[in-house]
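Structure first, then comments.
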Amino acid sequence: MGDVALREVTKTFGKTVALSAVSLDIPDGAFVVLLGPTGAGKTTTLRLISGLDRPDSGDIRIAGRSVLDETPAQRNVAMVFQQYSLYPHLTVRDNLAFPLRSPILKTPEDAVARKVKEVAEVLHISHKLDNKATALSGGEMQRVSIGRALVRRPEIYLMDEPLSSLDAKLRADLRIELKRIQADLGATLLYVTHDQIEAMTMATHVGVLDEGRLVQFGPPREIYENPVSLYVAGRLGLPRINALPATLFAGAPSGAATIGLRPEHIQQGEGSPSRVVRVEHLGDQTRLHLDLEGHDLITLTDVHTDLEPGDTVAIQPRNPLYFDASGARIV
Amino acid sequence: MAEIVIRNLRKEFGDFTAVQSSSFKIEDGEFFMLLGPSGCGKTTTLRMIAGLELPTSGEIYIDGEEVGQKPASERDIAFVFQMFALYPHMNVRRNISYPLVSQGMAKAQVAAKVAEVSRILGIEDILDRPVGGLSGGDRQRVALGRAIVRDPKAFMMDEPLGALDAEFRERMAEELRALHDRMGATTVYVTHDQLEAMQMGDKIVVMNHGVIEQFGAPQDIYDKPATMFVADFIGSPSMNFLQFHGSVEAGARQVTLHHHEFEIPQMREPFDGDMVFGVRPEHVRLTDDAPYRAEVLATEYLGTTQIVTLRTRDGDIKARTPSDQTARVGETVGLEFNGATVSLFDNQSGRALRSDLNEGVLSHG
């Protein structure tokens with residue numbers, strides 16, 4: 001396993017700037033999640049590290065050496081894609097063994113068998129080893145394609161939304177599994193997603209991308225509690241942070257254009273009257289949709305609240321976040 | 001608008017019974033969810049209400065009139081599918097006006113109707129655009145517009161948001177619900193996404209293998225599940241199940257689970273045999289001194305809360321706790337459960353045992 005570093009990496013496709021002077025340090029053994037909407041540059045970053053694409057400028061270093069002139073195979077990285085691509089004519093066992101039997105690695109057959117067995121157990125697919133790859137459910141196929149990366153010991157695992165095509169329950173299970181596997185192996189992992197729950201729950205570090213720029217990098221808790229901008233604040237947290245004109249409440253610092261209120265920043269019982277528009281019972285939490293002087297906001301309330309649409313709730317901010325007109329955080 | 005009553009509805013496809021014997025009532029103006037995993041019979045039920053399938057037996061009443069064997073065209077219902085099929089060669093305006101034009105409505109009236117609907121949906125500025133270049137959300141709005149424009153008695157929606165990505169789905173769900181609140185039309189909505197059902201529905205029917213497992217308001221179904229299937233299907237993470245063998249008397253307020261006493265809602269029926277102790281993750285508390293011990297397997301940070309996965313001698317448990325409470329992987333902690341929220345189940349049949357908590361909600365007796 002190794003550390004990976006990007007230095008001022010820029011990549012354009014025609015007139016589109018996919019990545020703009022991105023510098024990023026992925027420490028050995030870290031689980032780094034790149035988060036951002038479609039088009040932010042997440043997948044481009046993975047493809048540049050793997051060697052599938054070349055940067056226009058900047059340097060990429062794996063375990064201390066510049067890899068710009070190396071082929072994907074020489075870089076010793078393993079990639080898992082969103083769309084699992086298994087060999088349909090091979091069994092699960094042979095799909096898993098395939099990377100180990102590559103002429104570059106020349107793994108002895110007994111070592112291949114041992115490795116395949118180990119990985120199959122970790123991913124709970126041991127009982128399907130002799131099935132054809134096409135005779136699996138979607139979840140099983142994705143586990144095999146993750147397994148095909150895990151049989152190897154690359155410098156870094158690169159994963160591009162590997163869980164996004166799975167159903168909610170399986171995704172929740174695999175989140176924990178993946179985190180556990182990564183910790184057990186001490187593997188370095190770079191993982192791309194637009195799912196904030198995956199980012200928060202698995203990452204040791206989250207990198208937030210906005211139109212090709214890395215706008216914040218740090219532990220999930222730091223990104224959530226201490227976002228540098230309104231954009232970053234909106235990437236994490238459900239219900240999403242409410243962004244309202246700063247003038248709605250007293251106490252805004254000078255230069256503040258927007259006040260950012262997460263549910264825990266809204267104190268109920270005192271302050272400005274707001275009207276209840278809708279009460280949403282989600283089971284473990286109840287969301288209040290409020291109207292405050294014509295502005296929509298969403299907060300949480302007691303699960304078994306008596307509040308109904310049309311009721312009035314007084315609210316006031318508590319340790320809110322403030323942002324200037326450009327969206328930058330004012331501390 | 002319409003009240004819809006379903007009585008003993010059954011549908012067989014050859015040897016396969018898709019819907020066993022469903023009975024429920026959809027009030028006028030309700031946003032009504034049919035929820036369950038694939039193959040549970042929810043879409044078949046919807047298609048029978050719409051008249052796209054005819055029931056093998058049973059009745060469907062729309063506003064008091066039995067329509068079970070009538071064709072779809074005589075039921076005055078609009079259907080919105082998961083794969084919204086728009087006419088690709090027509091622009092947005094012609095797509096929306098098509099149902100009216102084909103009914104032979106006068107031109108001026110059609111124009112007024114289309115204007116009204118596009119205002120409701122906020123798509124006035126794209127009326128003259130071809131549908132080919134529209135974003136997923138706008139396509140979905142156009143599909144909705146085509147359903148709304150007819151002023152039908154009720155809307156049937158089959159996973160209309162299923163094809164959209166998570167962030168956008170959340171927004172469309174809110175939009176759809178707000179639209180319903182403005183129009184007040186009876187809506188029957190099929191989904192396999194429990195969060196979507198909880199978020200949007202006034203009432204939920206939970207189906208499994210062609211059978212209705214539970215019918216009620218979202219919060220009731222969450223707090224007072226009638227079966228282990230419902231308890232597991234609703235909620236994320238789902239309810240924790242601890243299996244044990246023992247007995248409870250009617251009137252009992254405690255249960256003994258492997259030598260540990262736990263409070264429970266007062267029981268309304270006795271039971272002896274294999275049971276399951278069910279507790280939601282947010283009702284599990286980590287304390288240093290509680291005698292029921294568990295090892296922390298994993299923690300998942302979620303902002304204000306975290307999910308802690310723990311291993312007890314009776315199985316794995318997930319707890320939802322404030323994220324400022326520390327829980328370190330590998331350490332051993334004590335667990336407490338909020339007894340007032342606990343459900344006990346018969347492990348064999350999966351049904352919830354009757355107690356103070358769920359008595360008003362369970363239909364079986």
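Each reported figure results from applying straightforward, stated rules to the coordinates on display, with no laboratory input. Treat the numbers as computed from the prediction; the structure is a model and nothing was measured. Quick reminder, even Gly has a Cβ in these numbers, built from the backbone with ideal geometry, and neighbours come from all protein chains shown.
Observations on the structure shown:
- Selection among A:Tyr322, A:His295, A:Leu307 by position relative to the dipole of the range A:286-331 gives A:Tyr322 as farthest towards the positive end (Cβ unit charges, Cα centre).
- Listed residues B:Gly145, B:Gly137, B:Gly210, most fluctuating in chain B (Gaussian network, C-alpha, under 10 Å): B:Gly137
- Spin-label model distance (nm) - A:Leu68 vs A:Glu270, 7 Å beyond Cα toward Cβ: 6.0
- Considering only A:Leu19, A:Ala73, A:Leu90, the residue lying farthest towards the positive end of the dipole of the range A:19-112 is A:Leu90, judged by Cα position with unit charges set on Cβ.
- Shape call, the range B:56-175: gyration tensor on alpha carbons, a/c limit 1.5: oblate
- Amide H contacts of A:Arg152: none lie under 5 Å away among residues 5 or more positions distant or on a separate chain (H built 1.01 Å from N in the peptide plane; Pro and chain starts excluded).
- With 20 Å bins from 0: P(r) over chain A, alpha-carbon pairs, percent: 28, 48, 22, 2
- Each label point was placed 7 Å from the Cα along the Cα-to-Cβ direction; for A:Ser85 and A:Ala325 their separation is 4.9 nm.
- When chain A is treated as a GNM with alpha-carbon contacts under 10 Å, the residue of A:Arg65, A:Arg152, A:Arg262 showing the greatest mean-square fluctuation is A:Arg65.
- When the square roots of the Cα gyration tensor eigenvalues are ordered a ≥ b ≥ c, the ratio a/c for the range A:197-331 is 1.5 or more and a/b does not exceed b/c, which makes its shape oblate.
- Charge tally around B:Gly216: other residues with Cβ under 14 Å, Lys/Arg +1 each, Asp/Glu -1 each, net -4.
- Among A:Thr71, A:Thr299, A:Thr188, residue whose mean-square fluctuation peaks in a GNM of chain A (springs only between Cα atoms under 10 Å): A:Thr71
- Antiparallel content of DSSP bridges confined to the protein assembly as shown, in %, to 5: 75
- FRET efficiency estimate (nearest 0.05) - Cβ-Cβ, B:His260 to A:Asp302, R0 25 angstrom: 0.25
- D (Stokes-Einstein, µm²/s), Kirkwood Cα radius, the protein assembly as shown, 0.692 mPa s at 37 °C: 116
- A crude spin-label estimate for the pair B:Arg182 and B:Arg7, with each label 7 Å from Cα along the Cβ direction, gives 3.8 nm.
- For A:Arg278, the residues whose amide H sits under 5 Å from its own are A:His289, ignoring neighbours fewer than 5 places away on the same chain, with H placed 1.01 Å from N.
- If you take all other residues with their beta carbon under 14 Å from the beta carbon of B:Gln243, and give Lys and Arg +1 and Asp and Glu -1, the sum is -4.
- Sites B:Thr304 and A:Asn131 - FRET efficiency at Förster radius 45 Å, r taken between beta-carbons, to 0.05: 0.60
- Remark: the range A:131-146, residue by residue, has Karplus-estimated 3J(HN,Hα) of 6, 5, 4, 6, 8, 10, 6, x, x, 5, 4, 5, 5, 5, 6, 5 Hz, where x stands for each Gly or Pro and the curve is 6.51 cos²θ - 1.76 cosθ + 1.60 at θ = phi - 60°.
- With the Kirkwood sum run over all distinct C-alpha pairs, the range B:70-118 has a hydrodynamic radius of 12.3 Å.
- Mean Cβ count within 10 Å, highest first, over the residues of peptides B:199-208, B:332-341, A:129-138: B:199-208, B:332-341, A:129-138
- Here the mean projected area of the convex hull built on the C-alpha positions of the range B:177-268 is 8.0 nm².
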